[in-house]
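The values are calculated or read from the model by the stated rules, or taken from the named source; none is laboratory data. These numbers come from a predicted model, not from an experiment. Here the Cβ is made from the backbone with ideal geometry for all residues, glycine too, and neighbour counts use every protein chain on show. Surface areas here come from the heavy atoms of the whole protein model, side chains and all, with no ligands, DNA or RNA. Shrake-Rupley method; radii C 1.70, N 1.55, O 1.52, S 1.80 Å.
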Amino acid sequence: MDIINQVEQLLEQGKVDIFIGYKELDGHVIPHGFTKENLDELKDLKTGETRYSLEKMATHLAKKDKDLKIGIIARECNKRALNCLYTWNQLNPENMEIINVNCCPSRIKIHADCSYLEPKKSGKFKKEHGIEFNNDPEELMEKYDNNERFSRWMYEFNKCIKCYGCRNICPVCFCSDCSLEDPDLVETGDLPPDVPIFHLVRASHMAGRCIDCGLCEDACPAEIPLRLLYREINQIVSDVFDYQPGQNMEKSPFTVIGDKVTLEPKPMDTLL
Amino acid sequence: MNYKFVPSVCSYCGTGCGVLFEVIDGKINSTLPLKSHPVNKGKLCIKGWNLHEYINSFMRLKTPLIKKDGRFQKATWDETISHTAKNFTKIKDQFGPDSIGVLVSAKISNEENYLAQKFTRAVIGTNNVDHCARL
Ligand code: SF4
Ligand code: SF4
Ligand code: SF4
Ligand code: SF4
């Protein structure tokens, strides 16, 4: 059964009140909420390369009406984000209906612009428009010593134009009071924002939470390799706690308050 | 519930980034970058990301204001347009068309800018028209 029929059934049988998918409008494929009242719009339902955080949009609707039954189209990254949002009580899994779409690369199915499937590689855009002073950030992590890596990261952070796009687009950034807007941590009116505090605050919050969708890096006008940063952070989380955010509904280790400290404090440069 | 996304163009500067307004039941809830837009390719600056805020701002002017008795007072469009026309004509008659200048803006559309320069040149009769991007 094709997706349009599946969505039509969900809406008609009342299994969902609204279905968030994509439709084409003037040549742009954009997210759209399909409802029972507008079933004729379903003919425009599209899936393809386009990727927005539909699950973040679902949280906006759930905030307006917590009992709303929401359906969404989900790729692998959307599913990981959903798991994460469930464990952080941002969405109720009982109110969600998911229709999976494939994002595996194949000849017949053009997959999303996603580097998750090929770990540890720069995305398409970065390859095409290699930034100055930048061969490949991953290469840098492997080849160079801590000092060189540190200065490289500082260089990257200094490019930040403080658009908050990385936070705004992130499916798992949902705090009503965001630390990045706390004037005690991040001075207001300064560009670039406090380096490296701004980026390291966000990176530490992404520990045990970032589901590696890459949307932040796509949205960063300064082309800062954010995904790599959060991947490195979550590599530590994985090594220490054996936890991979979004893989299932297991809660992040950082939501559990233990009774003893088992980690040795380490100087910052070994993490960078 | 009515949930849709409306593509538009950021009105904060002349770059013209493509945005998507997230609209919940007729009210704009947030702004997103339009990924397929050729200008910004899914990226925005901080102004674009917050584009919805001024639309919903309680401080937004919803009617024109005319200064009467030393303070601004609400007026209708008809009143305002005839008030403006009357005063422009008065200034033009007394000091000539070059005593008036018009400053247009990156925050309005090409068509509106075109109309503004047409109005300045053909109706007022001066070449004193400039753009805020040159300030
Ligand atoms: S990759 Fe970026 S946008 Fe995606 S979950 Fe991680 S921090 Fe958020
Ligand atoms: S950056 Fe941190 S505080 Fe801000 S929304 Fe994301 S997780 Fe919350
Ligand atoms: S998206 Fe990039 S430029 Fe914008 S705040 Fe985040 S790191 Fe800085
Ligand atoms: S998002 Fe920023 S750069 Fe783009 S048009 Fe708006 S103000 Fe200009």
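Would you check which residues across the stretch A:23-67 are under 18 Å from the mean Cα position of the chain (by Cα) and within 21 Å of A:VAL172 (Cβ to Cβ) and list them?
A:PRO31, A:THR50, A:ARG51, A:TYR52, A:SER53, A:LEU54, A:GLU55, A:LYS56, A:MET57, A:ALA58, A:THR59, A:HIS60
Among residues belonging to the stretch A:147-179 that are within 12 Å of another protein chain (Cβ to nearest Cβ) and surrounded by fewer than 19 Cβ atoms within 10 Å (Cβ to Cβ), point out the one that is nearest to ligand 4 (Cβ to nearest atom).
Per the criteria, the residue is A:ILE161.
Which ones in the stretch B:7-28 are open to solvent by 50 Å² or more (accessible area, probe 1.4 Å) and within 20 Å of A:ILE70 (Cα to Cα)? Spell out how you get there, then give the answer.
Taking the stretch B:7-28 as the starting set, the residues that turn out to be open to solvent by 50 Å² or more (accessible area, probe 1.4 Å) are B:9, B:12-15, B:25-27.
Those that are open to solvent by 50 Å² or more (accessible area, probe 1.4 Å) and within 20 Å of A:ILE70 (Cα to Cα): B:ASP25, B:GLY26, B:LYS27.
Whether any residue in the stretch A:192-203 is in a loop (DSSP other than H, G, I, E, B), over 14 Å from the mean Cα position of the chain (by Cα) and under 26 Å from B:PHE21 (Cβ atoms) is what I want to check. Lay out the reasoning, then the answer.
Of all residues in the stretch A:192-203, those in a loop (DSSP other than H, G, I, E, B) come to A:192-196.
Retained after the next criterion (residues that are over 14 Å from the mean Cα position of the chain (by Cα)): A:192-196.
With under 26 Å from B:PHE21 (Cβ atoms) added as a condition, the list becomes none.
For the stretch A:192-203, residues in a loop (DSSP other than H, G, I, E, B), over 14 Å from the mean Cα position of the chain (by Cα) and under 26 Å from B:PHE21 (Cβ atoms): absent.
Could you name every one of the helices (runs of 4 or more DSSP H) located completely within the stretch B:1-96 that has at least 1 residues being at the interface with chain A (Cβ under 8 Å from one of its Cβ atoms) and not β-branched (Val, Ile, Thr)? First the steps, then the outcome.
Working: elements: B:46-49, B:51-56, B:77-95.
Result: B:46-49.
Listed residues B:GLY125, B:GLY42, B:GLY48; which is more than 21 Å from the chain's Cα centre (by Cα) and surrounded by 15 or more Cβ atoms within 10 Å (Cβ to Cβ)? Full working, then the answer.
Working: B:GLY125 fails: surrounded by 15 or more Cβ atoms within 10 Å (Cβ to Cβ); B:GLY48 fails: more than 21 Å from the chain's Cα centre (by Cα).
The unique qualifying residue is B:GLY42.
Condition (residue is farther than 22 Å from A:ARG80 by Cα and open to solvent by less than 40 Å² (accessible area, probe 1.4 Å)) applied to the stretch A:223-243: is it met by at least one residue?
Step one: list which residues in the stretch A:223-243 are farther than 22 Å from A:ARG80 by Cα, which gives A:223-224.
In the following step, the residues that additionally are open to solvent by less than 40 Å² (accessible area, probe 1.4 Å) were identified as A:223-224.
Checking the stretch A:223-243: at least one residue is farther than 22 Å from A:ARG80 by Cα and open to solvent by less than 40 Å² (accessible area, probe 1.4 Å).
In the stretch A:1-41, how many are assigned to a helix (DSSP H, G or I) and either within 25 Å of B:SER30 (Cβ to Cβ) or within 11 Å of another protein chain (Cβ to nearest Cβ) (or both)? Even if it seems obvious, please write down each step before you answer.
Taking the stretch A:1-41 first, the residues assigned to a helix (DSSP H, G or I) are A:3-12, A:36-41.
Adding the requirement that they be either within 25 Å of B:SER30 (Cβ to Cβ) or within 11 Å of another protein chain (Cβ to nearest Cβ) (or both) leaves A:7, A:11, A:36-38, A:41.
Total meeting the criteria: 6.
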